[in-house]
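J.: One structure, as structure tokens, below. Some questions next.
The values are calculated or read from the model by the stated rules, or taken from the named source; none is laboratory data. On a predicted model such as this, the values are computed, not experimentally measured, just so you know. Here the Cβ is made from the backbone with ideal geometry for all residues, glycine too, and neighbour counts use every protein chain on show.
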Amino acid sequence: MTRRALSPSAIVTVSSLAPILGLVALVALVAPPASASGFATTRFGGEHGNVTESNPTALYYNPAGIAFSEGTHLFAEGQLAIRHNTYEHTAAKNDVAEPAGAAGANNGKASLTNVFGAPTLGATTKFGNLAVGAGLFVPFGGRVSWNPNEAFRNDARYPLAVDGVQRWHGIDGAVTYLYATLGVAYKFGRFSVGLSGNLIFSNLKLNQAKGLVNGDDDVDAEARSAIDVKATTGSFALGGMFEAIENVLYIGASYQAAPGSKQHGTLTLTQGDATLVRAVDFRQGMPDIVRLGARYRPVPDWELRLFGDFTRWSRLEQQCISLEGQACGVKRNGSAEDGTGTVNALYRGWSDTLGIRVGVSHWFSPRVELYVGAGVETSAVPDATLEPMLYDATTVSTALGGRFEIFERLYLGASYTHIQYLPRDNTGKSILADPAVDPITRRVDGSGKYGSFVGVGTLNVEYRFR
């Protein structure tokens, strides 16, 4: 079989089928409070980042918490994560057969080992019963870059296969939601309420392989699709905290609203020397989150914590790309709705997730605290739509760390969290490659065997003014 070269005019003809979007699935840049779901990355603050705390991370987790702080607090943290993923795909019934000379181009094992990080900043101050604060947080985000398939390095006939068997879903990408947050809280005796507002800067990038004839994994008609979209939107959070037993038992609850759902940018299609760039709008439903927790000190040098979250990932029913300024929508059969500028719609069908975490701290002296934590969280992604760039699974996580007063009112915290994703095998369960699915929604089969773990190190410093 000879390789088919597509002209620029051909790319224009099939471009409406082209940009299957696969969001970057970093289930964890750093994991959420009870490990990770979807592409949430809310692990800042470590074991002391939760709905019951009063440090500056409470501006995100529960703004009511800052009303239980004293004086002025400055907080800075860096997180460094290492992520390892594997994906093994065998030929599925709707795959295009690998031609002679291309064995292993679409079937086999892919892997990645990525290292990346993120910062967190926060400051709060209190005047009587009123507290205010500001912070920078990254609750959703991540980076993915898959290892190349060295068997096709410098291959004269199929050079694009070097990008790995997973390339039809993604080669590399990034997703970032940066929250610039302002918050206020007021304390009424043993009860406080808080409200925060978020200015959100979001950006999504993805490079992937694309079959320009039928949108399948035909290596003789292989091209590249790249999307780069961004937006500035907003959201809010509100919460309450109750000191049920003075200096002993605190109960917190909060609601974090979903960020905006629409981004703008470009879609670029490349085949050989031909390139087509289109301005597009991208829409997806992001989750809102409910958090609840308690921390309890039975004696002054021991603390027990129990907290969790309910995340409405069911809002991510599909992702839709349209020509800039035009509506986006699909019918039940996956075809574009009449009168829209729909370029592609990717069905996700995600589920809500539930996470629960427990933690224990012991103060060996007033200046030395050591802690451990453990948690579990359910997966957002069903077998039917699971794919390499948005891998998710039920996770089990453990953490070990400490917090030390190295100088008067200057605290240093350090921890390591290991997040283990339970292995998954959705062979034969992927639904979107079925030829009965309209080309607007169809994508390459994402079935296979998956595995992943994430290790997260955090280092933070906090200074308390009197």
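J.: (1) surrounded by 17 or more Cβ atoms within 10 Å (Cβ to Cβ); (2) under 27 Å from Val96 (Cα atoms); (3) of a type in the set (Lys, Arg): which one isn't true of Lys187, the others all being true?
T.: That leaves (2) as the condition not met.
J.: Is it the case that segment 327-338 has a residue that's among the charged types (D, E, K, R) and crowded, with 17+ Cβ neighbours inside 10 Å?
T.: Within segment 327-338, none of the residues are among the charged types (D, E, K, R) and crowded, with 17+ Cβ neighbours inside 10 Å.
J.: Here is a follow-up. If you check Gly339, Gly373, which single one turns out to be at pLDDT 95 or above, over 30 Å from Gln166 (Cβ atoms) and over 21 Å from the mean Cα position of the chain (by Cα)?
T.: Within the list Gly339, Gly373, the selection yields Gly373.
J.: Just to be sure, is Val193 surrounded by fewer than 20 Cβ atoms within 10 Å (Cβ to Cβ) and of a type outside the set (S, T, N, Q)? Quick ask: steps written out before the conclusion?
T.: Numbers: surrounded by fewer than 20 Cβ atoms within 10 Å (Cβ to Cβ): yes; of a type outside the set (S, T, N, Q): yes.
Spelling it out, Val193 is indeed surrounded by fewer than 20 Cβ atoms within 10 Å (Cβ to Cβ) and of a type outside the set (S, T, N, Q).
J.: Output yes when any residue across segment 123-134 is under 20 Å from the mean Cα position of the chain (by Cα), small (Gly, Ala, Ser) and closer than 30 Å to Ala76 by Cβ, and no when none is.
T.: no
J.: Do any residues in segment 178-190 that are farther than 25 Å from Val138 by Cα have Cβ atoms under 9 Å from those of residues that are of a type in the set (Val, Ile, Thr) and surrounded by 15 or more Cβ atoms within 10 Å (Cβ to Cβ), where the two are at least six apart or on different chains, and which pairs are they?
T.: Tyr186/Val193; Lys187/Val193
J.: Do the conditions hold for Ile66, that is, is it of a type in the set (Val, Ile, Thr), crowded, with 16+ Cβ neighbours inside 10 Å and in contact (Cβ under 8 Å) with a residue 12 or more places away in the chain?
T.: The answer is yes for Ile66.
J.: Residues in segment 110-117: is at least one in a loop (DSSP other than H, G, I, E, B), surrounded by 21 or more Cβ atoms within 10 Å (Cβ to Cβ), touching a strand residue (DSSP E or B) at 6+ places or on another chain (Cβ under 6 Å) and not hydroxyl-bearing (Ser, Thr, Tyr)?
T.: No; the residues of segment 110-117 include none that is in a loop (DSSP other than H, G, I, E, B), surrounded by 21 or more Cβ atoms within 10 Å (Cβ to Cβ), touching a strand residue (DSSP E or B) at 6+ places or on another chain (Cβ under 6 Å) and not hydroxyl-bearing (Ser, Thr, Tyr).
J.: Same structure, new question: Within segment 120-138, does at least one residue satisfy the condition of being part of a loop (DSSP other than H, G, I, E, B), over 30 Å from Tyr87 (Cα atoms) and without any contact (Cβ under 8 Å) to a residue 24 or more places away in the chain?
T.: Yes, that holds for at least one residue.
J.: Here is a follow-up. Those residues that are in contact with an Asp or Glu (Cβ under 7 Å, 6 or more places away or on another chain) and of a type in the set (A, V, I, L, M), I need them from segment 163-174; list them, please.
T.: Keep residues of segment 163-174 that are in contact with an Asp or Glu (Cβ under 7 Å, 6 or more places away or on another chain), which gives 168-169, 171.
Hit for segment 163-174 is Ile171, nothing else.
J.: In the list Ala294, Ala274, Ala258, which residue meets the criterion of being under 24 Å from Ala393 (Cα atoms) and among the aliphatic types (A, V, I, L, M)?
T.: Result of the check over Ala294, Ala274, Ala258: Ala258.
J.: Which pairs turn up if I take residues in segment 432-445 that are within 14 Å of Gly211 (Cα to Cα) and look for partners that are surrounded by 20 or more Cβ atoms within 10 Å (Cβ to Cβ) and hydroxyl-bearing (Ser, Thr, Tyr) with beta carbon separation below 8 Å, at least 6 apart in sequence or on another chain?
T.: Once the first residue is within 14 Å of Gly211 (Cα to Cα) and sits in segment 432-445, its partners that are surrounded by 20 or more Cβ atoms within 10 Å (Cβ to Cβ) and hydroxyl-bearing (Ser, Thr, Tyr) give Ile440/Thr342; Asp445/Ser430.
J.: Given Leu412, Leu346, Leu370, Leu354, which one is part of a strand (DSSP E or B) and crowded, with 18+ Cβ neighbours inside 10 Å?
T.: Numbers: Leu412 fails: crowded, with 18+ Cβ neighbours inside 10 Å; Leu370 fails: crowded, with 18+ Cβ neighbours inside 10 Å; Leu354 fails: crowded, with 18+ Cβ neighbours inside 10 Å.
Within the list Leu412, Leu346, Leu370, Leu354, the selection yields Leu346.
J.: Ok, one more. For segment 43-99, how many residues are over 20 Å from the mean Cα position of the chain (by Cα), in a strand (DSSP E or B) and closer than 15 Å to Ala134 by Cα?
T.: Selection size over segment 43-99: 5.
J.: Which condition from (1) over 30 Å from Ala105 (Cβ atoms); (2) surrounded by fewer than 19 Cβ atoms within 10 Å (Cβ to Cβ) is the one that Asp220 breaks?
T.: (1)
J.: Which one is nearest to the chain's Cα centre (by Cα), of the residues in segment 191-202 that are farther than 28 Å from Ala244 by Cβ and free of Cβ contacts under 8 Å to residues at least 60 places away in the same chain?
T.: Phe201
Residues are listed down the side, and each one gets a yes or a no for (1) in contact with a Phe, Trp or Tyr (Cβ under 8 Å, 6 or more places away or on another chain); (2) of a type in the set (A, V, I, L, M, F, W, C); (3) modelled with pLDDT of 95 or more; (4) farther than 25 Å from Thr441 by Cα:
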{"position": "Gly234", "(1), (2), (3), (4)": "no, no, yes, yes"}
{"position": "Gly239", "(1), (2), (3), (4)": "yes, no, yes, yes"}
{"position": "Tyr255", "(1), (2), (3), (4)": "no, no, yes, yes"}
{"position": "Ser261", "(1), (2), (3), (4)": "no, no, no, no"}
{"position": "Thr266", "(1), (2), (3), (4)": "no, no, yes, no"}
{"position": "Met286", "(1), (2), (3), (4)": "yes, yes, no, no"}
{"position": "Leu304", "(1), (2), (3), (4)": "yes, yes, yes, yes"}
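J.: Among Thr342, Thr311, which is polar (S, T, N, Q), within 17 Å of Arg442 (Cβ to Cβ) and touching a Ser or Thr at 6+ places or on another chain (Cβ under 6 Å)?
T.: Just one listed residue meets the conditions, Thr342.
J.: Restricting the search to segment 152-208, which residues are β-branched (Val, Ile, Thr) and within 19 Å of Val280 (Cβ to Cβ)? Spell out how you get there, then give the answer.
T.: Applying the first criterion (β-branched (Val, Ile, Thr)) to segment 152-208 yields 162, 165, 171, 175-176, 181, 184, 193, 200.
If the condition is that a residue be β-branched (Val, Ile, Thr) and within 19 Å of Val280 (Cβ to Cβ), then Val175, Thr176 are the ones that fit.
J.: Pull up segment 121-153, narrow it to residues that are in contact with a helix residue (DSSP H, G or I) (Cβ under 8 Å, 6 or more places away or on another chain) and among the polar types (S, T, N, Q), then point me to the one that is surrounded by the most Cβ atoms within 10 Å (Cβ to Cβ).
T.: Out of the qualifying residues, it is Thr124.
J.: Also: Could you list all residues from segment 192-219 that are out of contact with any Ser or Thr (no Cβ under 7 Å at 6 or more places or on another chain), farther than 22 Å from Leu59 by Cβ and not in a loop (DSSP other than H, G, I, E, B)?
T.: Leu204, Lys205, Leu206, Asn207, Ala209, Gly211, Val219
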